[in-house]
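Since every read-out is calculated from the coordinates, none of them should be taken as a lab result. Note that the structure is predicted; figures quoted are calculated from it, not measured. With ideal geometry, Cβ positions are generated from the backbone for all residues, glycine too; neighbour counts draw on all protein chains shown.
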Amino acid sequence: MDRDEVAAVIDTLRGRNLLTLNELSDRAILEVLDTAELFVEVNQRTIKKVPALKGRVVASLFYEESTRTRLSFETAAKRLSADVLSLAVASSSVKKGESLRDTIATIDALGIDAVVLRHHSSGAAHQVSGYVPHVRVINAGDGQHQHPTQGLLDVFTVRQVLAERVRARGSETGKELFSGLRVLIVGDLRHSRVARSDVAAYSALGAEVRVAAPGTLLPTAVGDWPVEVVEDFDDALAWADVVGVLRLQRERGSGSFVPSPAEFTRTFGLTVERARRLKPDAIIMHPGPMNRGVEID
């Protein structure tokens with residue numbers, strides 16, 4: 001990938017925030033996936049670096065614990081040659097009572113071009129986009145609302161697997177791969193921002209989505225989602241082409257919504273025995289972190 005190609009790709013996405021996948025059309029999602037595909041080759045180089053964001057400053061601002069998301073964003077920014085400002089919230093002025101707005105104002109004064117934000121409050125990324133409209137905001141997870149890059153990563157991964165199976169890389173890795181695809185999402189849907197983003201992404205691309213969870217772990221607004229709620233998890237497994245497994249989010253109080261982790265495993269855990277119900281080529285997804293022996297063996 002030469003510099004002109006990189007510049008052309010970046011220009012198509014210039015000036016956009018990424019706050020929720022509900023705001024992206026199927027064409028916009030595919031544009032992001034195609035762009036990501038171009039950068040896969042960079043990861044295979046000895047020197048994993050391109051000048052796409054040279055001279056740009058990206059702030060990494062995480063108000064919640066994170067391993068995969070934070071490291072992924074900071075690694076990606078550095079491989080695109082951006083300068084990264086990483087704020088350790090636990091040792092910052094946030095602990096002294098500084099508001100999100102004032103923290104953003106301070107970081108903005110340093111001349112940032114983009115901010116990657118994870119926050120415990122739903123809607124925080126949208127708020128920040130209003131505070132600094134000249135800065136690009138990427139939502140790395142806001143409360144129970146959305147985790148758009150996880151949703152994009154999940155459909156990107158599924159697309160790669162499906163494309164490899166049909167030997168259709170390149171121009172034939174578009175929406176047709178998802179048409180009629182059967183996706184089952186199981187687990188703590190009430191507290192999961194990943195579930196909300198996955199449903200938005202899969203649905204936009206034409207997949208059929210079903211969800212399974214204890215009644216206490218279904219969102220109150222699940223009736224407004226473009227999904228079918230299934231009561232028999234075991235039967236649904238045989239139907240699915242893709243199974244997305246979600247953990248019990250005990251840090252958000254999900255433990256009080258089920259009698260015990262063991263009971264959850266008995267009824268909705270993807271055990272080795274249950275996995276035998278899956279199609280031989282079914283794809284199992286998990287966003288991590290995994291609680292092995294609870295939602296998945």
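Once every DSSP H run of n ≥ 4 in the chain is given -39500 (n - 2.57) and the sum is divided by its residues, what mean residue ellipticity at 222 nm do you get, rounded to the nearest 500 deg cm²/dmol? Intermediate values should be presented prior to the final figure.
Working: 10 runs with 105 residues, N = 297.
Taking each H run of at least 4 residues, the total per residue is -10500 deg cm²/dmol.
So if I place +1 on the C-beta of Lys and Arg and -1 on the C-beta of Asp and Glu, and nothing else carries charge, what would the dipole magnitude of segment 3-142 be about its Cα centre? I want it in debye, nearest 20.
With Lys and Arg at +1 and Asp and Glu at -1, about 440 debye.
Checking the a/c ratio against 1.5 first, then a/b against b/c, what shape does the Cα gyration tensor give for segment 141-297?
It comes out prolate by the Cα gyration axes.
Percent antiparallel among DSSP beta bridges with both residues in the chain, to the nearest 5?
Details: 1 of 34 bridges.
Antiparallel bridges make up about 5 percent of those DSSP assigns within the chain.
Relative contact order of segment 3-142: what whole-number percent is it, with Cα pairs under 8 angstrom and at least 6 residues apart? Display every interim value, and only then the final one.
Values: 177 pairs, mean separation 37.3, N = 140.
RCO, segment 3-142: 27 percent.
Cut-off under 27 Å on the C-alpha distance; same-chain residues fewer than 8 positions from LYS48 excluded. Which lysines are left, in chain and number order?
LYS48 reaches LYS78.
With a 10 Å radius around each residue's Cβ, average the other Cβ atoms per peptide and rank 145-155, 119-129, highest first.
Top to bottom by mean Cβ count within 10 Å: 145-155, 119-129.
By count of other Cβ within 10 Å, fewest leading, how are ASP297, ASP142, ASP198, ASP232 ordered? Before the final figure, lay out each step's value.
Details: ASP297 14, ASP142 26, ASP198 29, ASP232 8.
Lowest count first: ASP232, ASP297, ASP142, ASP198.
Dipole of the chain, Cα-centred, from +1 at each Lys and Arg C-beta and -1 at each Asp and Glu C-beta, to the nearest 20 debye? Write out the running numbers ahead of the final one.
Values: 37 positive and 39 negative charges, 158 e Å.
Charge dipole, the chain, about its Cα centre: 760 debye, nearest 20.
Setting aside same-chain residues fewer than 8 positions from LYS54, which aspartates and glutamates have a Cα under 19 Å from its Cα?
ASP2, ASP4, GLU5, ASP11, GLU41, GLU74, ASP83, ASP108, ASP113
Give the relative contact order (percent, whole number) for the chain; include only Cα pairs under 8 Å separated by 6+ residues.
In percent, rounded to a whole number, it is 15.
Could you order the peptides 269-279, 20-30 from most to least packed, using the average number of other C-beta atoms within 10 Å per residue? Intermediate values should be presented prior to the final figure.
Details: 269-279: 14.6, 20-30: 17.1.
Listed from highest to lowest mean packing, they are 20-30, 269-279.
Amide H of ARG56: which non-local residues (sequence gap of 5 or more, or other chain) have their own amide H closer than 5 Å, using H built in the peptide plane?
When sequence neighbours closer than 5 places are left aside, the close amide H contacts are ASP83.
Considering the dipole of segment 175-237 built from charges on the beta carbon (Lys and Arg +1, Asp and Glu -1) around the Cα centre, which of VAL183, GLY223, ALA201 is farthest to its positive end?
Highest projection toward the positive end goes to ALA201.
In whole Å, what is the distance between the alpha-carbon centres of segment 90-127 and segment 14-83?
One Cα centre to the other: 19 Å.
Pairs of alpha-carbon atoms within less than 8 angstrom and 6+ residues apart define the contacts here; what relative contact order does segment 148-285 have, in percent? Walk me through the numbers on the way to the answer.
Values: 202 pairs, mean separation 37.0, N = 138.
That works out to 27 percent.
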